[in-house]
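The values are calculated or read from the model by the stated rules, or taken from the named source; none is laboratory data. This one's a predicted model, so the numbers in the text were calculated from it and none came from an experiment. Virtual Cβ from ideal backbone geometry, glycine too; neighbours counted across all protein chains shown.
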Amino acid sequence: MKRERRILILDDDAGIVDYLVDALTLEGYAVEGTTSVQAALARVRDQRFDLVLSDVEMPEMRGVDVLHAIHGLRPNQLVMLITAFGSVELAVKAVKQGACDFITKPFKAEALILAMERAFEDREMRREIVRLRSARDPNPDGDLVGRSPAMARVIQLARRAARGNATVLITGESGTGKGALARFIHDQGPNHAGPFVQVNCAALPAHLVEAELFGAKKGAYTDAREDRPGLFAQAAGGTLMLDEIGEMPLETQPKLLHALETGKVRPVGGTREVETPTRVVAATNALLETAVKERRFREDLYYRLNVITLDMPPLRQRREDIEPLTDVLLQRACTKLGREVFGLSGEAMAWILTQPWPGNVRELANALERAVALTEHDTIVLEDLRVALAVPQQPDLLSHAAAQGLPLADVEQMYIERVLAAVGGNRVQAARLLGIDRRTLQRKLGTAEER
């Protein structure tokens, strides 16, 4: 391995440069040396080195500034610092800012080589499994990954459904990627050049649902200071995705049914209908059949939406997709946060594959994004994921509950509290991870407070 390692030495003392070049060359490394910071930066820009070995105190630039300059050219360049005893504090600061290690003068060549090999081994450990989407052929299905048989079937059916303009109902647990599937159907369909508009029905204020969907005329209600186009009009010529359709207020459902059947909507306060050629894709994580039986959802609307049904499988039923999904989600997180991360260590990837992921793809995406934001390395390691998920170091919940003989209601409450703690008290996110809607979570929390 040593003969494959290219080393650049930077020190303002020509004697030290010559000594290190000779010593490391004898050990089989390919070594270059310079006393000029600018010359070193030029070489880093034009060539690839496995390690840059730099002095901390130099007339041109201090080691921390050299580190920043190098990382400005190559963000993941390994940089090790040489420091005198009096500059240890500065070297420690540099390590916190991205240097891989430092070694204190005076030192023997054997100690330096040991430190260098330790740095190389650490990087190799973190790169044991490197997952980069850019290293693979582009995924023709965008963010949808269909390596597993279950997901491959869904994508195949979605391609067929996309050919026409029939209404599609996408079912599945929270976080399985229903929005991505709706977007795929739009992109593959005849109206792909038109707009794709997505709305979460549960997030719409109950008294404004009709206005949001169908629009409103000036003066129709207190805040209607001008004519407002609704979501159907905004999506005209394209696709409107109605997420969490089961949360649609019962009084609005007949008007939605009319819009689906006629392709026309009447704005609130309007006197005539407006034609809106819009394809509708609805999605739900609830059992609409149950809602129909409980008279919370109109049966005729259910059948009108249920022309074509696609069921998104949970992540636990598509284990073969987890690794390629990680590629996609990691790259997305890096782009969003402006960070360059090579991938995941083998230990981190193995851990991901063993997790149940009750929040499905959304939970995995959130975990990876937090890990990218928090990691101090160029590769996600297991500790990054543990911190990102705030994994509690506590006895297993079920084992504890069984040992204590706790009733089911108490176990459920403990689990809800643990999920809430893991997401920092965010009830919307907690509801998604639990696979229930916010109202159900609120009711369960209210019941617990009463107890």
Conditions: (1) modelled with pLDDT under 90; (2) crowded, with 17+ Cβ neighbours inside 10 Å. VAL168 meets all but one. Number of the miss? (1)
Output the residues belonging to region 169-191 that are under 18 Å from the mean Cα position of the chain (by Cα) and within 11 Å of ALA158 (Cα to Cα). LEU181, ARG183
Of a type outside the set (S, T, N, Q) and more than 18 Å from VAL209 (Cβ to Cβ): does that describe ARG279? yes
Qualifying residue in region 99-109 (condition: modelled with pLDDT of 90 or more, farther than 26 Å from VAL341 by Cα and surrounded by fewer than 16 Cβ atoms within 10 Å (Cβ to Cβ)): no
Give me the pairs, please: first residue somewhere in region 1-20 and at pLDDT 90 or above, second residue anywhere and small (Gly, Ala, Ser) and part of a helix (DSSP H, G or I), beta-carbon distance under 6 Å, and either six or more positions apart or on two chains. LEU10/ALA40
Taking region 331-357 as the region of interest, how many residues are in a helix (DSSP H, G or I), within 21 Å of GLN77 (Cα to Cα) and among the polar types (S, T, N, Q)? 2
Can we say ARG304 is farther than 19 Å from GLU173 by Cα and part of a helix (DSSP H, G or I)? yes
Is at least one residue of region 335-342 surrounded by fewer than 18 Cβ atoms within 10 Å (Cβ to Cβ), of a type in the set (Asp, Glu), over 30 Å from ALA236 (Cα atoms) and out of contact with any His (no Cβ under 9 Å at 6 or more places or on another chain)? yes
For residues that are under 20 Å from GLN77 (Cα atoms) and not in a helix (DSSP H, G or I), tally how many sit in region 1-31. 11
The number of residues in region 97-111 that are in a helix (DSSP H, G or I) and under 17 Å from LEU78 (Cβ atoms) is 0
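Residue-by-condition table, conditions (1) at pLDDT below 80; (2) surrounded by 14 or more Cβ atoms within 10 Å (Cβ to Cβ):
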site: HIS400; (1), (2): yes, no
site: GLN413; (1), (2): no, yes
site: VAL419; (1), (2): yes, yes
site: ARG432; (1), (2): yes, yes
site: GLY435; (1), (2): yes, yes
site: ARG439; (1), (2): no, no
site: GLN442; (1), (2): no, no
site: THR447; (1), (2): yes, no
Please pick out the residue among ALA40, ALA94 that is in contact (Cβ under 8 Å) with a residue 12 or more places away in the chain, crowded, with 19+ Cβ neighbours inside 10 Å, over 32 Å from the mean Cα position of the chain (by Cα) and not in a strand (DSSP E or B). ALA40
Filter region 343-364 for residues that are of a type in the set (Gly, Ala, Ser) and crowded, with 21+ Cβ neighbours inside 10 Å; which is modelled with the lowest pLDDT? SER345
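Quick test for you: out of THR284, THR309, THR278, pick the one residue that is under 24 Å from HIS192 (Cα atoms), surrounded by fewer than 22 Cβ atoms within 10 Å (Cβ to Cβ), among the β-branched types (Val, Ile, Thr) and modelled with pLDDT of 90 or more.
Going through THR284, THR309, THR278 in turn, just one is under 24 Å from HIS192 (Cα atoms), surrounded by fewer than 22 Cβ atoms within 10 Å (Cβ to Cβ), among the β-branched types (Val, Ile, Thr) and modelled with pLDDT of 90 or more: THR309.
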